[in-house]
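No value in this document is a laboratory result; all are computed from the given coordinates. These figures come from a predicted structure and were not determined experimentally. Glycine also receives a Cβ, built like all others from the backbone with ideal geometry; neighbour counts cover every protein chain displayed.
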Amino acid sequence: MPFIPHTEQDVQEMLETINVASINDLFAEIPAALRNTNLAGVLPSLNEMELSRLMHERALQDNHLQCFIGAGAYEHHIPAAVWEVTTRGEFMTAYTPYQAEASQGTLQLLYEYQTMMASLMALDVSNASLYDGASALAEAILMAARSNKKKQEQRILIPKTVHPHYREVVKAIVSQQDIHIVEVPFDEKTGTVTLDILEKFSGQDVTALVIPQPNFFGVLENVDMLTNWTHQHGGMAIGVVNPLAMALLKAPGQWGEDGADIACGEGQPLGVPLSSGGPYYGFLCCKKDFVRQLPGRIVGRTVDKDGKPGFVLTLQAREQHIRRAKATSNICTNQGLLVTASTIYMSLMGPKGLRKVALASHQNMNLLKEKLAAISEVQMIFNSPVFHEIVLRLPMSVDTVLEELAKDKIQAGLSLQKYYPELGECLLVCVTETKTEDNINLFVDKLRTVLSDNKNSEKKSKEVNILA
């Protein structure tokens, strides 16, 4: 995007106007011990030509790679019309509508987005987006804590099958607010939270239970059982879901006897490219009973004095400007441009199109499982149904496998060693509708070759040791 920087003279004139000697003086209230002046990995200043060259070189690193990584960010086909419309000036240059005077076009788009997301989640209300999926879960937990004050102690049960990054963000945001986060283990055979595991928490104050669907392993949780158990113990059910999967699976509002109370997650699968990791956006929906605790913005439809339809900001949690710690939310940023893309994507695809994409992704996963079954060294460690991700246990270092497949321009998945060391050498692999059978065959063949080479190498090493 074209950008005209401030000159040194511009900066000096602005500082003189506000009677400040230097930019650093503007941060004088921040204690020196809290300032981070050593930004490792951040390059020195570059001119426009140098920066452009660097970014083109970085972009080439992602070129012509077969991506089998999922873990919360998914490669899907995005029709050309989506970003052709999204990047029109009317949308691309319009920032978050803080005031009721925001353009009718922007407000109508957000209203349509809310309608689509509420329908997809089978819940009553949706806000107009949050920062990302992880902060959306944190906001959902804070919302549940405010809405369910009957408990003596605010205790949130969050399974270890929830995305590790989401759990880290939740702890960072809610840990200072007298909310206790209790991690729930998963069953080794199924990769899910079972009733036997939950029963260990019976008799305790449970404010809410977080229910991932699919979970971080790609496995489908027993959402009906989890939702019913939560409600029977006086807690609220918070679904953290892949929105595209909800076009194929049971929506949160239909879980159990009464449905989940809140649904949240990452909106990236709906028309947002991987973009080397962001920006993405978070969505948050709920039952109407809890709408007053819903952070963010809600656009409503009304009529003017002449009966003409119009759109207005019905609710907006901007009170953090004056209420500070008592505010509904202190995370102000949403991602309006990404929501615009998702709205256009969902409009183009429709319910049948979204279901078709989700089903194609699931079918590709079944094809991958079928072909991997022919490799004796590969173990699929969980016996539960999956959506479009699967965990594989390998007989050698996963990092080595990833390095070897990368030589053939294959991004083979995510190593779980850092997040779940107890599982051993495990690899999380994802396939979506973007993969052809040839792509899957290539992945399986290259993986077989790497494992075979490793097996032969170990055999030779043993023979040498015997001879020695």
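Some points to look at:
- Stretched out straight at 0.36 nm per residue, the stretch from Ser103 to Glu437 would grow longer than its current Cα-Cα span by 115.6 nm.
- Förster radius 56 Å - calculated FRET efficiency between Gln232 and Phe27 (Cβ-Cβ, nearest 0.05): 0.60
- For the chain, a Kirkwood radius taken over Cα pairs fed into Stokes-Einstein (25 °C, viscosity 0.890 mPa s) yields D = 99 µm²/s.
- For the stretch 195-313, the gyration tensor built on C-alpha atoms gives an oblate shape. Its axis ratio a/c (a ≥ b ≥ c) is at least 1.5, and a/b is not larger than b/c.
- Calculated FRET efficiency for the pair Gln417/Glu257, C-beta based, R₀ 41 Å, to 0.05: 0.55
- For the stretch 213-309, share of DSSP beta bridges that run antiparallel, in % to the nearest 5: 60 percent
- In the stretch 123-222, lysine pairs with alpha-carbon atoms under 27 angstrom apart (chain gap of 8 or more, or interchain): 14
- Spin-label proximity, Arg88 to the stretch 268-283 - amide N less than 19 Å from point 7 Å beyond Cα toward beta carbon: 271-272
- Of all beta bridges that DSSP places with both ends in the chain, some 55 percent have antiparallel geometry.
- Nearby aspartates and glutamates by direct alpha-carbon distance to Lys305 (threshold 20 angstrom, same-chain neighbours under 8 apart not counted): Glu101
- Extended-chain gain in nm, criterion 0.36 nm per residue less alpha-carbon gap, Ile181 and Arg301: 39.4 nm
- Straightening the chain between Lys460 and Ser52 buys 141.9 nm, computed as 0.36 nm per residue apart minus the Cα-Cα spacing.
- Placing a label point 7 Å from the Cα of Leu359 along the Cα-to-Cβ line, the residues of the stretch 227-265 whose backbone N sits under 13 Å from it are 247-249.
- Listed peptides 215-226, 48-59, 289-300 by packing density, highest first (mean Cβ within 10 Å): 215-226, 289-300, 48-59
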